[in-house]
1. Which one of the conditions (1) assigned to a loop (DSSP other than H, G, I, E, B); (2) without any contact (Cβ under 8 Å) to a residue 60 or more places away in the chain; (3) not basic (Lys, Arg) does Pro72 fail to meet, given that it meets all the rest?
2. Quick one: in segment 154-176, of everything that is modelled with pLDDT under 95 and within 20 Å of Leu88 (Cα to Cα), which residue is least open to solvent (accessible area, probe 1.4 Å)?
3. Just the residues that are without any contact (Cβ under 8 Å) to a residue 24 or more places away in the chain, assigned to a loop (DSSP other than H, G, I, E, B) and either touching a Ser or Thr at 6+ places or on another chain (Cβ under 6 Å) or not charged (D, E, K, R) (or both), please, taken from segment 1-23.
4. Can you tell me which residue among Pro181, Pro188 is open to solvent by 30 Å² or more (accessible area, probe 1.4 Å), touching a residue at least 24 places away in the same chain (Cβ under 8 Å) and outside any helix (DSSP H, G or I)?
5. Provide a single number: the residues in segment 25-69 that are of a type in the set (Gly, Ala, Ser) and either free of Cβ contacts under 8 Å to residues at least 60 places away in the same chain or part of a loop (DSSP other than H, G, I, E, B) (or both).
6. Find all pairs meeting these conditions: Cβ atoms under 7 angstrom apart; at least six residues apart or on different chains; first residue within segment 123-137 and on the phi < 0 side of the Ramachandran plot and open to solvent by 10 Å² or more (accessible area, probe 1.4 Å); second residue charged (D, E, K, R) and assigned to a helix (DSSP H, G or I).
Amino acid sequence: MDRSTRLSRRFYARDTLVVTRALLGQRLVRIEPDGRRLAGLIVETEAYVGREDQACHARHGRTPRNESMWGPPGHAYVYFTYGMHWMLNLVTEAEGRPAAVLIRAILPMEGIERMMARRSGRPLTQLADGPAKLCQALSIDRTFDGHDLDAAEADLFVERGARLTNRNVTTGPRVGLNNVPEPWKSLPWRFQVDNGAIRRWQEEHIS
């Protein structure tokens, strides 16, 4: 497998907010057991940074559930929530520092028909426009928790994708933090590609 375009561990071993922004426009790839590629450009991300972050799972310390967050950068942290949804995070910073980026949405590019089948035939715009939706579309579950994105045999990784300028990026508060105290609730740690760039990518790649 050609690894020349894959993001290396060095990419993730940086400040979490830097990685959260830098992941926008990159291509999330899932290799199915039959070798089929499913992929999409990352269009929305959120940062969760350390025990001090009152929205982060690590705020209560190290647990079996969040163990992957404390590990080396460039690994997946996948958790179950609301008794029904899987969520994909990419671990950042140094080992022992619990921090990660939640992948909130992707723009499907490869394997769209298979994603549609998993998402009950929903339209392209609704295939992976939420963290639980993209996990369902890509068939990502707890088996990917701790997955090394930089391993030669990785079935889940991120490749360099589309170019993106800062004028096409918006920021805002993270989603669903109803019981989180300030200032953590309102920190602008959610990054999103604007609709103009998304439409351009669709015209270029999904025509």
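The values are calculated or read from the model by the stated rules, or taken from the named source; none is laboratory data. The structure presented is a predicted model; accordingly, all values stated were derived computationally and were not measured. Cβ coordinates were reconstructed from backbone atoms using ideal geometry, including for glycine residues, and neighbour counts include every protein chain displayed. Protein only, heavy atoms only, side chains kept; ligands, DNA and RNA dropped before computing areas. Shrake-Rupley method; radii C 1.70, N 1.55, O 1.52, S 1.80 Å.
1. With respect to (1) assigned to a loop (DSSP other than H, G, I, E, B); (2) without any contact (Cβ under 8 Å) to a residue 60 or more places away in the chain; (3) not basic (Lys, Arg), Pro72 is out only on (2).
2. So the residue we want is Gly161.
3. Within segment 1-23, just Ser4 meets the criteria.
4. Pro181
5. 6
6. Gln136/Arg118
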